[in-house]
Amino acid sequence: MRKEHSSVNLDPGTMSGCPFMGNKYLYKFSKLSLKDEKGDKSQEGINKASKGGLIYGDYLQLNKILNAQELQSEKKGNKIHDEHLFIVTHQAYELWFKQILWELDSVRVIFQNGHVRDERNMLKVITRMSRISMILKLLVEQFSVLETMTALDFFDFRDYLSPASGFQSLQFRLLENKIGVPQSLRVPYNRRHYRDNFKGEDYELLLKSEQEPTLLQLVEAWLERTPGLEAEGFDFWGQFEVNILKGLEEEFAIVQAKPESEEKEDLLSEFQKQKDTLLSLFDEKRHEHLLSKGERRLSYKALKGALMIYFYREEPRFQVPFQLLTSLMDIDVLMTKWRYNHVCMVHRMIGSKAGTGGSSGYQYLRSTVSCSIVSCEVEKRGGVKLTATKAQNGWAANISVLAGQSMMISH
């Protein structure tokens, strides 16, 4: 028996499943073209550039930027392909450092002029600090581009770079100074002051940046004015101490009620460490001692203000200040991540060899990271454990650690 075949729709729109093909829509696929058809409104614009004036390349000074990649290997008659990537990546870093400094300086001016009392200016501050965070995230990720180059690729042109070194980045040193890295916590460079590696105008710029109010100092003064710290008023600190003491008593009772075991001993040991840290909050002399050692970075009154903002962050008056503290902590963490990624990449590329600028290379960079990491380990019972406290730029994270410990106990 002959099998009847139903008619098959060979319409290309039906076969492809594309919803924009077929007769029921305004345009058919066959009609899409770059030709200027009558009634095509997409081509009704005016080419203003043809009439002269400022154009894209001139506005961005692209002639200068795109011709600023001078390969040392090529100048020496041995052009190495990957040196171009190395130059472009570092130039991109420096451009972003410039933008970070631009935002940071504007924030410092707002604080210095006392304009932070105006909430509109506080929103500007938060926006710009958040922008710095986003740029730093980009810079942390940018290492992955450099890591497409192998160690052997790098050694092909590394000798041509000496004595140039990333340590000589003026903008990064300015950034450290303006954020608030104290001179006492700086790691010496070949047993010399970091500034000795710069001369002339660069040296003067660094010296000036050390004498200007840092972001840390400006934020510290702002935190000291936090409303509600006065003992005769709301007395946040007095109530806070009562809650902490009560929380510690309850926590100790829970641990003490457990049967004797190795686990109980561990819990009691952790509890004692946590108790010492929390009780130190209410000992101003102890705080001053920790401040002198670099284990605390804010004044006693500023620390009180920061903790009050953290605990009352859902109150309308503290929501914007809390966002600022969060941004500062993000920047703090991202700076540490940037340093860490840098160390890992250098170790991968050159191992234990000396740096092109004459430093110990990986060993020197590693020492700068070990002094800047502040990490928090949230545990089920122990709250937040401070695994390192001495920090080059770890002051914002220090607030979070103390707030986290306090919150776990007093909640």
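What the table shows:
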{"quantity": "Inter-label distance for Ala68 and Gln171, nm, one decimal - labels placed 7 Å from Cα along Cα-to-Cβ", "calculated": "0.7 nm"}
{"quantity": "Sequence-separation-based contact order of region 144-243, relative, with Cα cut under 8 Å and 6+ spacing, percent", "calculated": "24 percent"}
{"quantity": "Simple label model, 7 Å out from Cα along Cβ direction - Asn243 to Lys51, nm", "calculated": "6.4 nm"}
{"quantity": "1.4 Å probe accessible area per residue over region 206-349, in Å²", "calculated": "53 Å²"}
{"quantity": "Positive-end residue, region 210-285 charge dipole about Cα centroid, Cβ charges, pick of Phe236, Leu279, Leu223", "calculated": "Phe236"}
{"quantity": "At R0 = 45 Å, FRET efficiency that the Cβ-Cβ distance of Lys273 and His193 yields, to 0.05", "calculated": "0.80"}
{"quantity": "Cα gyration tensor shape for region 49-202, rounded if a/c is under 1.5, else prolate or oblate", "calculated": "oblate"}
{"quantity": "Share of carbon and sulfur in the accessible heavy-atom surface of region 108-242 [1.4 Å probe, %]", "calculated": "51 percent"}
{"quantity": "Under 5 Å, built H, 5+ apart or other chain: amide partners of Asp235", "calculated": "Glu230"}
{"quantity": "Simple spin-label estimate for Arg348 and His289 in nanometres, 7 Å along Cα-Cβ", "calculated": "4.4 nm"}
{"quantity": "FRET efficiency, 1/(1 + (r/R0)^6) with R0 30 Å, evaluated for Leu207 and Met134 via beta carbons", "calculated": "0.45"}
{"quantity": "J(HN,Hα) series, region 247-262, from Karplus relation 6.51 cos²θ - 1.76 cosθ + 1.60, nearest Hz, glycine and proline x", "calculated": "x, 5, 4, 5, 5, 5, 4, 5, 5, 5, 6, 6, x, 4, 6, 5"}
{"quantity": "Gyration tensor verdict on region 106-169 (Cα atoms; rounded if a/c is under 1.5, prolate if a/b is larger than b/c, oblate otherwise)", "calculated": "oblate"}
{"quantity": "Of Lys285/Lys337; Lys98/Lys337; Lys273/Lys293; Lys199/Lys337; Lys64/Lys137, pairs whose Cα-Cα distance is over 21 Å", "calculated": "Lys285/Lys337; Lys199/Lys337; Lys64/Lys137"}
{"quantity": "Extended-chain gain in nm, criterion 0.36 nm per residue less alpha-carbon gap, His81 and Val255", "calculated": "56.3 nm"}
{"quantity": "Whether region 166-264 is rounded, prolate or oblate, judged on the alpha carbon gyration tensor where a/c under 1.5 counts as rounded", "calculated": "oblate"}
{"quantity": "Rounded to the nearest 10 Å², the accessible area of Val320 at probe 1.4 Å", "calculated": "20 Å²"}
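The values are calculated or read from the model by the stated rules, or taken from the named source; none is laboratory data. What you see is a predicted model, and the numbers here were worked out from it, not measured in a lab. All Cβ positions, even for glycine, are placed from backbone atoms using ideal geometry, and neighbour counts span all protein chains on display. Heavy atoms of the whole protein, side chains included, go into the accessibility calculation; ligands, DNA and RNA do not. Shrake-Rupley method; radii C 1.70, N 1.55, O 1.52, S 1.80 Å.
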